[in-house]
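Below: one structure, written as structure tokens.
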Amino acid sequence: MTHPASKPLASRRPAAPLSGALRVPGDKSISHRALMFGALAVGETRITGLLEGEDVLRTAAAMQALGAEVVRGAAEWRVAGRGVGGLIEPADVLDMGNSGTAARLLAGILASHPFFSVMTGDASLRKRPMKRVTQPLSACGARFATREGGRLPMAIEGARDALPLDYVLPVASAQVKSAVLLCGLNAPGMTRVTEREATRDHSENMLRHFGAEVDVQVEGPGRIVTLRGQPELRAADVVVPGDPSSAAFAIVAALLVPGSKLRIEGVGLNPLRTGLFTSLREMGGSLVVENERIEGGEIVGDLVVSASALQAIDVPPGRAPSMIDEYPVLAVAAACATGTTRMRGLHELRVKESDRLEATAALLAVNGVVVEVDGDDLIVHGTGRPPQGGGLVQTLMDHRLAMSALVLGLASANPVRVDDASFIDTSFPGFVDLINRAVGGDVPALLAPWD
Ligand code: S3P
């Protein structure tokens with residue numbers, strides 16, 4: 001499936017600061033999982049706040065192709081599940097579009113269902129490594145045939161009687177952890193995943209919410225997660241919080257545009273997702289949490305962000321799992337800060353929707369920011385003055401690069417253009433309108449370059 005025509009877009013310094021209150025769309029990680037666990041549960045799961053971005057819609061379509069009933073109601077999504085191990089062979093290829101999370105988590109589900117399936121994705125996803133899931137999942141008895149280098153499309157022959165896995169993650173990846181756990185749902189006995197660094201734990205939380213027995217032992221910076229196989233998952237209602245990874249763009253915009261004060265309501269604050277907030281506060285950013293509460297088993301709060309003068313920091317490698325998707329926009333903040341920011345240990349950025357380490361450096365460099373890539377570190381030299389801007393950014397089918405570049409344009413001396421903003425819809429439909437509304441005034445800050 002080809003993507004709709006590319007959409008060039010430009011952003012420029014707004015005439016007025018960002019102000020008012022807004023909500024960002026639902027959390028992408030939690031949305032994928034709600035649909036998947038709903039499809040594996042007995043009964044009807046109701047999901048409110050589901051992200052209706054293209055990535056998640058791919059998961060919805062895949063679960064439907066596997067026999068679950070997925071319906072978009074007026075106020076909620078409803079999933080009638082088939083029970084653990086109850087999915088059926090899809091009649092056609094499963095196309096996961098741009099979504100690595102959808103593809104990798106689904107590989108885990110398919111590995112322990114005894115039927116044949118084929119999975120593909122768009123040009124970006126077809127470049128991304130799948131061996132990180134096919135290798136551990138093969139040990140359950142499933143067979144995978146992939147393109148050269150473990151790339152999609154791949155064919156999957158699920159195991160008839162899957163064995164439980166005991167796997168030590170070689171990379172800090174919640175996707176790989178979740179794939180192994182999802183496979184373990186339909187294997188007898190205990191499935192165990194050991195991670196040396198804790199990654200987002202939405203799968204563990206939601207498995208419990210659906211009635212599975214999951215034990216988590218904290219071991220220094222890491223965790224050992226154990227799941228008892230073949231539970232009866234029972235349908236459960238899910239309330240999806242606002243995505244902190246989407247809120248990140250509005251937050252950095254409000255910090256950088258002088259005079260701004262923005263309230264972002266209902267944002268997920270799971271501590272394994274909030275590394276960006278820690279980093280921005282260390283830089284001197286004014287980021288206040290109000291009204292902290294638990295909703296649907298996740299911590300949620302309202303964030304009040306005020307424009308701040310930022311100072312450079314050193315971001316340790318151990319923080320990477322808790323802000324892995326936020327480095328491009330942190331780099332934009334660093335470009336506007338005073339001093340040299342070093343972000344360490346970013347090797348995993350190379351296998352995202354694009355090589356985000358090189359692409360983030362290129363995004364800044366083309367806009368006059370002095371930036372270096374040193375091994376797995378990204379070094380940004382900020383002057384404390386607005387970057388020059390004026391560049392045309394290649395977004396490489398990567399939504400987060402596109403949004404980061406547009407945020408940079410709000411804080412730069414000259415407008416910043418992106419070649420294609422269409423992929424923003426994978427995770428943040430409505431981004432352009434939301435920023436334009438927050439800016440207010442008559443002239444939108446984000447607009448097509450010819451307007
Ligand atoms: C995700 C995990 C992260 C993240 C992705 C969503 C998830 O990937 O980059 O956007 O929902 O599990 P890795 O776990 O591969 O780092």
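The values are calculated or read from the model by the stated rules, or taken from the named source; none is laboratory data. Since this is a predicted model, take the numbers as computed values, not measurements. Methodologically, a virtual Cβ is constructed for each residue, glycine included, from the backbone with ideal geometry; neighbour enumeration extends over all protein chains shown. We work out accessible area using only protein heavy atoms, side chains counted, and drop any ligands, DNA or RNA first. Shrake-Rupley method; radii C 1.70, N 1.55, O 1.52, S 1.80 Å.
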Item to check | Close pairs from segment 39-54: first touching a residue at least 60 places away in the same chain (Cβ under 8 Å), partner of a type in the set (Ser, Thr, Tyr), Cβ under 6 Å, at least 6 apart | outcome: LEU50/SER31; LEU51/SER31; GLY53/THR426; GLY53/SER427; GLU54/THR426
Checklist outcome for this item: If you go through PRO170, PRO188, PRO129, the only one that is within 11 Å of the ligand (Cβ to nearest atom), of a type outside the set (A, V, I, L, M) and out of contact with any Phe, Trp or Tyr (no Cβ under 7 Å at 6 or more places or on another chain) is PRO129
Item to check | Criterion: within 16 Å of the ligand (Cβ to nearest atom) and out of contact with any strand residue (DSSP E or B) (no Cβ under 6 Å at 6 or more places or on another chain) - qualifying residue of ALA179, ALA162, ALA123, ALA139 | outcome: ALA179
Checklist outcome for this item: Contact list, first residue from segment 104-120 and on the phi > 0 side of the Ramachandran plot and assigned by TED's automatic domain parsing to the domain that holds GLY158, second anywhere and of a type in the set (Gly, Ala, Ser) and buried (at least 24 other Cβ atoms within 10 Å of the Cβ), beta-carbon distance below 6 Å, six or more apart or interchain, is none
Checklist entry - SER322: buried (at least 18 other Cβ atoms within 10 Å of the Cβ), modelled with pLDDT of 95 or more, within 17 Å of the chain's Cα centre (by Cα) and small (Gly, Ala, Ser), yes or no? => result yes
Next on the checklist: Being under 23 Å from the mean Cα position of the chain (by Cα) and charged (D, E, K, R) is the filter here; which residues of segment 335-377 pass it?
Outcome noted: ARG342, ARG344, GLU348, ARG350, LYS352, GLU353, ASP355, ARG356, GLU358, ASP376, ASP377
Checklist outcome for this item: Selection from segment 237-259 of residues in contact with a Lys or Arg (Cβ under 6 Å, 6 or more places away or on another chain) and more than 16 Å from the ligand (Cβ to nearest atom) yields ASP237
Checklist outcome for this item: Flagged in segment 122-135 as of a type outside the set (Lys, Arg) and open to solvent by 10 Å² or more (accessible area, probe 1.4 Å), in numbering order, are ASP122, ALA123, PRO129, THR134, GLN135
Checklist outcome for this item: Of the residues in segment 173-191, those that are outside any loop (DSSP other than H, G, I, E, B) and touching a residue at least 60 places away in the same chain (Cβ under 8 Å) number 10
Item to check | Scan of segment 94-120 for residues that are open to solvent by less than 10 Å² (accessible area, probe 1.4 Å), away from the ligand (no atom under 14 Å from the Cβ) and not in a helix (DSSP H, G or I), ordered by number | outcome: LEU94, SER112, HIS113, SER117, MET119
Item to check | Residues (open to solvent by 10 Å² or more (accessible area, probe 1.4 Å), part of a helix (DSSP H, G or I) and of a type in the set (S, T, N, Q)) located in segment 192-242 | outcome: ASN205
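Results for (1) modelled with pLDDT of 95 or more; (2) away from the ligand (no atom under 16 Å from the Cβ), shown as yes or no for each residue.
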residue: LEU35; (1), (2): yes, no
residue: THR45; (1), (2): yes, yes
residue: LEU57; (1), (2): yes, no
residue: ALA60; (1), (2): yes, no
residue: ALA74; (1), (2): no, yes
residue: TRP77; (1), (2): yes, yes
Checklist entry - Can you tell me which residues in segment 260-290 are in a strand (DSSP E or B) and touching a residue at least 60 places away in the same chain (Cβ under 8 Å)? => result LYS261, LEU262, ARG263, ILE264, GLU265, GLY266, VAL267, GLY268
Checklist entry - Looking only at segment 31-61, which residues are assigned to a helix (DSSP H, G or I) and open to solvent by 10 Å² or more (accessible area, probe 1.4 Å)? => result GLU54, LEU57, ARG58, ALA61
